[in-house]
Structures are given as structure tokens and as C-alpha cells.
Amino acid sequence: KPRSKRPPAESTSAFAAFREVRREEAKETAASDAESASAEAIAEAEDAAAAAAATAVDALAVDLEAKAALGPAAANKGGAGAGRAMRDGGAVGAVGLVYSDIMELHEGPPHHLECPARHAAVVAKIRKDGLENRCVALLARLAEDDELLTCHSRAHIDTVGGTFDPVSRETVQGGHGDIFWTEHTARCARLATGSTCEAVAAVATGEVHRALAVVRPPGHHAECQRAMGFCFYNNTAVAARTALQLPGVNRVLLLDWDVHHGNGIQDILYDDPTVMYISLHRYGNGFYPGTGGMEEVGKGAGTGYTVNVPWGDKGLGDADYLAAFDLVIDPITRAFAPDLVIVAAGFDAAEGDPLGGMKVSDQGYALMTHRLTQLAGGRCVAALEGGYG
């Protein structure tokens with residue numbers, strides 16, 4: 001796997017970690033180039049190279065902060081100036097936001113990790129930080145059958161809609177595995193998928209430039225004919241397929257940084273050359289769901305359009321993920337040249353998550369997002385997947 005030869009020790013920020021990795025790499029290069037020189041010359045070359053590397057990373061940090069800085073909040077939610085930011089000297093358009101408290105009605109057994117509080121906490125944080133008023137409010141809506149049928153069978157749609165038994169006295173049914181059913185499950189699942197489709201359509205049609213869909217239940221484990229891993233409908237895969245029906249959208253990049261492999265997305269898109277699926281995830285040693293090896297690259301016309309970056313170790317952080325972007329993701333995505341980027345944005349690779357065992361920081365997620373917004377003219381949608389901390 002792409003990983004730095006000398007990962008840094010404990011550091012206080014992603015930039016510090018990234019700087020340390022680049023400094024060590026620069027020292028090794030300088031030492032190799034100066035092999036025949038004196039020890040004093042080698043030391044001088046190493047110091048100069050390390051200083052240059054540190055300066056370059058400091059410049060990257062300053063540049064990222066400037067590009068991510070939001071302008072003054074719009075007076076009203078959804079105003080013409082909502083979500084403005086500056087990037088490369090030009091204005092980034094409005095940022096869309098979609099969520100609905102209705103999605104919190106899907107509530108399982110006590111202490112179940114996929115709980116309503118996941119949605120409520122994200123929305124509360126957005127409101128507390130004043131971000132909601134800087135965004136354009138998008139419509140939270142139910143997915144239509146013709147949208148779901150782009151990725152799921154009719155039998156699966158009927159199963160999701162009809163599994164809960166309203167006659168039973170049990171308000172939560174089948175909650176012994178990773179899937180549970182309530183009277184609200186089918187509606188919430190449709191709402192999560194429909195809201196993701198709405199966010200993607202808003203970006204694809206130019207209504208907004210970028211968007212965030214705060215949705216649950218998540219979707220990336222849901223296969224064409226099976227609900228699994230807390231997921232019922234595959235929110236981002238359905239949104240990608242429906243986006244391809246819109247003018248000007250011929251290629252979609254779907255990047256999944258959830259710590260678990262999106263087996264459902266891969267299952268649905270495996271032979272599709274119009275959607276490139278890239279996943280960074282833990283793999284092996286029994287880690288769920290057990291799919292996503294490097295050799296899984298697609299089939300038929302879709303061969304080469306599935307790219308898996310499987311991590312065999314836990315405890316990896318920002319420098320490792322950025323190395324994957326440097327060595328694998330950036331070159332491939334630039335060559336693919338997508339018209340739209342969708343992120344299956346699970347945050348269970350974040351440090352402190354009870355399931356993930358990884359150490360990605362908020363700065364690390366910001367840097368990955370920054371890389372992705374360099375594609376497709378910045379047209380990017382993030383939809384919530386996992387994350388349980």
C-alpha cells in the first residue's frame with residue numbers, strides 16, 4: 001500500500017505530520033544526490049532540502065486556509081450570496097445543504113451505533129457554527145421508484161417497503177444483526193436517497209456549486225438486491241446514476257473514504273465505465289465487509305473503473321491518506337476527468353471512532369476535500385455515510 005517510509009511520530013496537526021514526512025523524504029533524496037561529497041556537504045544539502053520542504057508545506061497550509069475561508073454569512077438562508085468562498089482568485093458559487101429531522105425516526109435497539117443522534121449531532125454542529133445560514137437550503141424528498149430502479153431490483157424495493165410487520169407488537173424488528181426495521185425505516189431510507197439525489201442534481205444543473213447531504217440511514221453497503229451494514233438503498237450510487245441522465249454529465253467520480261469498503265457501490269457499478277468508484281478502506285484480518293482487494297478492478301466495460309486502496313493496518317492517518325492521493329488517486333482521477341464528484345463521506349476513519357481504528361484528523365479530511373474540488377470545475381457533493389464517534 002502507498003505509505004511513507006518513515007511515518008512521523010505523534011504530531012499535533014496534519015500539516016505537521018505531512019511536513020515531517022516531506023522533510024524526511026527530502027533528506028533521503030539529498031543524501032543520495034550527495035553520496036560522493038564530503039560529510040559536511042551532505043549535511044548542508046540535507047538542511048537546505050528540509051527547509052525547502054517545510055516552506056512548501058507551510059505554503060500549502062496557508063493556501064488551503066485561504067481557499068476554504070467562507071465570506072460573510074448571507075442575510076437569509078439560500079440568499080444569492082450564500083456559501084461564497086474564494087478559490088484561485090475566483091468566486092466559488094453557493095453551497096447547498098440538505099437534511100431532514102424525519103430521518104431521525106429510524107431508531108433501532110438501545111445503544112445501536114447507527115442511531116438518530118448521528119444525524120442530530122451533525123445538524124446541531126452546522127447550526128452552532130453558523131454554517132446553515134451560509135448555505136442554500138435544498139429540498140429533502142423521497143426517492144422515486146424510477147430513481148431506485150437505476151441501482152436496485154424491484155424485489156429489493158418491495159422488501160425494504162414491506163418487511164416491517166405493523167401487526168406485530170415489536171416496534172423494532174430484526175435488530176439482532178446489522179439491519180433493523182421500524183415503521184419509519186422504508187420512508188427514511190427513501191428520504192436519504194432522494195435527498196442525496198436532490199443535492200447531486202442541484203450541483204449538476206448549476207443551482208449550487210457544491211453541496212452536503214446530511215442523510216441516514218447510510219447507503220454504501222446496500223447491494224442491488226440486499227440490505228446490509230446499516231444500509232437499505234445505495235444513496236450515492238443511485239445519485240450517480242440519476243446524475244448521468246442530466247445534460248453535461250457523462251462521467252462521475254464516486255470516492256468513498258468511509259473506513260469500511262463500499263461493497264454495495266462496487267457491486268452495483270462494477271461493470272459501469274461511466275462512474276469511477278474509488279475506495280480507501282481497512283481490509284483483511286476479518287474487517288467488515290471483507291471486500292475491496294486491489295485486484296478487484298471492475299469487469300467487462302467497467303474494467304479499470306473500480307480502484308481499491310485497501311489498508312492492511314489500523315492506526316493510519318493523514319500522511320497515509322495523502323500519500324494515496326499523491327500516488328494513486330490524483331493521477332487516475334485527472335485522467336478520468338469527471339464532470340461531477342460525489343463523496344461517500346463516512347467519518348469512521350477519524351481518530352476516536354469506536355469502529356474504525358484509524359487516525360484521520362479534521363485537517364486530513366479538509367485536505368482530501370480540497371484535492372477533490374480541483375476536479376470537475378469544483379462541482380462536488382458529499383453525502384454522509386458511516387461515523388460513530
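The values are calculated or read from the model by the stated rules, or taken from the named source; none is laboratory data. The structure displayed is predicted, hence computed values, not measured ones. Note: ideal-geometry Cβ built from the backbone for every residue, glycine included; neighbour counts use all protein chains shown. Accessible surface is based on the protein model in full, side chains and every heavy atom, while ligands, DNA and RNA are left aside. Shrake-Rupley method; radii C 1.70, N 1.55, O 1.52, S 1.80 Å.
So, V214, is that one under 19 Å from the mean Cα position of the chain (by Cα) and surrounded by 18 or more Cβ atoms within 10 Å (Cβ to Cβ) or not? For V214, the condition - under 19 Å from the mean Cα position of the chain (by Cα) and surrounded by 18 or more Cβ atoms within 10 Å (Cβ to Cβ) - is met.
Considering (1) of a type outside the set (S, T, Y); (2) open to solvent by less than 10 Å² (accessible area, probe 1.4 Å); (3) over 24 Å from P354 (Cβ atoms); (4) within 20 Å of the chain's Cα centre (by Cα), the lone condition that N235 does not fulfil carries the number (3).
Selection of first residues in region 168-191 that are touching a residue at least 24 places away in the same chain (Cβ under 8 Å) and over 18 Å from A222 (Cβ atoms) and of second residues that are open to solvent by less than 20 Å² (accessible area, probe 1.4 Å) and among the β-branched types (V, I, T), restricted to Cβ pairs under 8 Å at least 6 apart or on distinct chains, gives the following pairs, ordered by first then second residue: V172/T182.
Look through T303, T291 and report the one residue that is more than 15 Å from the chain's Cα centre (by Cα) and under 22 Å from V341 (Cα atoms). Only one candidate passes the filter, namely T303. The set of residues in region 128-156 being free of Cβ contacts under 8 Å to residues at least 60 places away in the same chain, within 18 Å of R216 (Cα to Cα) and out of contact with any strand residue (DSSP E or B) (no Cβ under 8 Å at 6 or more places or on another chain) consists of R141, L142, E144.
Within region 357-378, being crowded, with 21+ Cβ neighbours inside 10 Å and touching a Gly at 6+ places or on another chain (Cβ under 8 Å) holds for M358, K359, V360, G364.
Are any of the residues in region 245-256 more than 18 Å from the chain's Cα centre (by Cα), in contact (Cβ under 8 Å) with a residue 12 or more places away in the chain, surrounded by fewer than 17 Cβ atoms within 10 Å (Cβ to Cβ) and not in a loop (DSSP other than H, G, I, E, B)? No, every residue in region 245-256 fails to be more than 18 Å from the chain's Cα centre (by Cα), in contact (Cβ under 8 Å) with a residue 12 or more places away in the chain, surrounded by fewer than 17 Cβ atoms within 10 Å (Cβ to Cβ) and not in a loop (DSSP other than H, G, I, E, B). Answer yes or no as to whether G284 is farther than 20 Å from C151 by Cα and small (G, A, S). Yes: the conditions hold for G284.
For region 258-298, a residue qualifies if it is loosely packed, with under 15 Cβ neighbours inside 10 Å and within 17 Å of L244 (Cβ to Cβ), and exactly one does: D271.
The condition of being of a type in the set (G, A, S) and open to solvent by 40 Å² or more (accessible area, probe 1.4 Å) holds for only one of A301, A350, A344, A323, that being A301. Can you find, within region 88-112, the residue that is farthest from N133 (Cα to Cα) among those that are buried (at least 16 other Cβ atoms within 10 Å of the Cβ) and at pLDDT below 90? In this case the residue turns out to be V92.
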